[in-house]
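S.K.: Sharing a structure, written as structure tokens. Questions coming.
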Amino acid sequence: MRILIVEDEPQLARHIRSALSRHGHTAEVEANGAHALQTALKEQPDLIVLDINLPGMDGFEVLARLRQARCPAMVLMLTARGEVGDRIKGLTAGADDYLTKPFALDELIARVEALGRRGGVPQAGSTLQVGGLHLNVPQRHVTRDGQTIELSPREFDLLQVFMQEPGRVFARTELRDRVWGNEQDYDVRQIDMFITRLRKKIDAGFSVPLLQTLRNVGYTLRPPVGTPSA
Ligand code: CA
């Protein structure tokens, strides 16, 4: 699913995003309520994880305006512990479910996926394709031109991040946050090492290299020119 995370605690937002992306979802983060509203209306995500206390505009207001604008996205609200009033207010305002902070990331994933099934959102991202490269998320299986490619769990996660947004350029710091979100001290230079290994596995022996380096900018996975993209 395409998910918008609206959360102003950067570390929590990052953890939520990496957990969602490990489960095959594409997630974006907004920390400000007013910006989140604009992004949600523009991008039409399938689901919004919405905190209540936010700068700019609080979560209740964001939700009310989304519903006013007939935004069909499902909304999972994050409420503070013990604030029963918040839950009721949120559900009345049109939230589909709520989760009380602090929560386990597994619980969040379970709620998100339950909402996805309820909302009939196609489980997008279960198979990703770029050129001849196919990545099956639930089976964690990768092939290129029908040939199986063995990846380590982290290499797989890294490739999944690229394949969810083909052509998008990722800075090393972003790749680190998306794949190694829980390990703050991970050195970005180690990302280069992972990229080198990943490139060997997915590109070596094939005439068209998919994983591109943009010097001093980052990395991107691009379908070869002239090939229709998936
Ligand atoms: Ca907050």
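S.K.: Between Arg154 and Thr127, what is the label-point separation in nm under the 7 Å Cα-to-beta-carbon projection?
M.R.: For the pair Thr127/Arg154, the computed spacing is 3.0 nm.
S.K.: Sort largest first and round to whole Å: the equivalent ellipsoid semi-axes of the chain, each the square root of five times a Cα gyration tensor eigenvalue. If you can, show how the numbers build up before the last one.
M.R.: Numbers: eigenvalues 237, 65, 49 Å².
That gives 34, 18, 16 Å for the three semi-axes.
S.K.: Check which residues have an amide H placed less than 5 Å from Thr127's amide H, if you skip close sequence neighbours.
M.R.: Those lying under 5 Å, H to H, from Thr127 are Val137.
S.K.: Roughly speaking, what is the stretch gain from Thr100 to Ala204, that is 0.36 nm per residue apart minus the C-alpha to C-alpha distance, in nm to one decimal? It would help to have the intermediate numbers written out before the result.
M.R.: On the way: separation 104, 0.36 × 104 = 37.44 nm, distance 4.73 nm.
Taking 0.36 nm per residue and subtracting the Cα distance, the gain is 32.7 nm.
S.K.: Still on this model: Rank these residues by their accessible area, most exposed first, probe 1.4 Å: Glu107, Glu155. Don't skip to the answer; put the middle values down first.
M.R.: On the way: Glu107 75, Glu155 5 Å².
Sorted by accessible area, descending: Glu107, Glu155.
S.K.: A further question on this structure: Work from the charge dipole of segment 2-118 (Cβ charges, +1 for Lys and Arg, -1 for Asp and Glu, about the Cα centre) and give the residue of Phe103, Gln11, Pro55 farthest towards its positive end.
M.R.: The Cα lying farthest towards the positive end belongs to Phe103.
S.K.: Can you give me the long-range amide H partners of Glu30? Hydrogens built in the peptide plane at 1.01 Å from N, cutoff under 5 Å, separation of 5 or more residues or another chain.
M.R.: Under 5 Å from the amide H of Glu30 lie the amide H atoms of Ile5, Val6, Glu7, each far enough along the sequence or on another chain.
S.K.: For Ala80 and Leu214, FRET efficiency with R0 = 45 Å and r from the beta-carbon atoms, rounded to 0.05? Before the final figure, lay out each step's value.
M.R.: Values: r = 42 Å, r/R0 = 0.94.
So, using R0 = 45 Å, E works out to roughly 0.60.
S.K.: Sticking with this one: Hey, what number do you get for the chain at 222 nm if only DSSP H runs of n ≥ 4 count, each worth -39500 (n - 2.57), divided across all residues, to the nearest 500?
M.R.: Values: 8 runs with 93 residues, N = 230.
About -12500 deg cm²/dmol.
S.K.: Quick query: amide H of Leu99 versus all other amide H atoms, modeled in the peptide plane; which residues come in under 5 Å with a sequence gap of 5 or more or a different chain?
M.R.: Met77, Leu78, Thr79
S.K.: Using a 1.4 angstrom probe on heavy atoms only, work out the carbon and sulfur share of the accessible area of the chain in %. Could the numbers behind the result be given before it?
M.R.: Working: 5550 of 11280 Å².
Of the solvent-accessible surface of the chain, carbon and sulfur hold 49 percent.
S.K.: Per 5 Å bin, what percent of the C-alpha pairs of segment 127-221 does each bin hold, from zero upward?
M.R.: So the P(r) values, bin by bin, are 3, 13, 27, 26, 19, 9, 2, 0.
S.K.: Under the 0.36 nm per residue contour assumption, what length would be gained going from the current alpha-carbon distance of Ala69 and Arg140 to full extension? Present the calculation step by step, with values, prior to reporting the outcome.
M.R.: On the way: separation 71, 0.36 × 71 = 25.56 nm, distance 3.81 nm.
Extending this stretch completely gives an extra 21.8 nm.
S.K.: At a 10 angstrom cut-off on C-beta neighbours, averaged per residue, how do the peptides 190-202, 6-18 rank from highest to lowest?
M.R.: 6-18, 190-202
S.K.: Using θ = phi - 60° and the Karplus curve 6.51 cos²θ - 1.76 cosθ + 1.60, what whole-Hz ³J(HN,Hα) does each residue of segment 206-215 get, with Gly and Pro shown as x?
M.R.: Rounded to whole hertz, the list is 10, 6, 10, x, 9, 8, 10, 9, 10, 3.
S.K.: What ranking of Val62, Val29 comes out by heavy-atom accessible area, probe 1.4 Å, highest first? Please report the intermediate quantities before stating the final value.
M.R.: Working: Val62 5, Val29 55 Å².
Order by accessible area, largest first: Val29, Val62.
The values are calculated or read from the model by the stated rules, or taken from the named source; none is laboratory data. In this text, all values refer to a predicted model and were calculated from it rather than measured experimentally. Here Cβ is always computed from backbone atoms with ideal geometry, including for glycine, and neighbour counts include all displayed protein chains. What goes into the accessible areas is simple: the full protein's heavy atoms, side chains included, and nothing from ligands, DNA or RNA. Shrake-Rupley method; radii C 1.70, N 1.55, O 1.52, S 1.80 Å.
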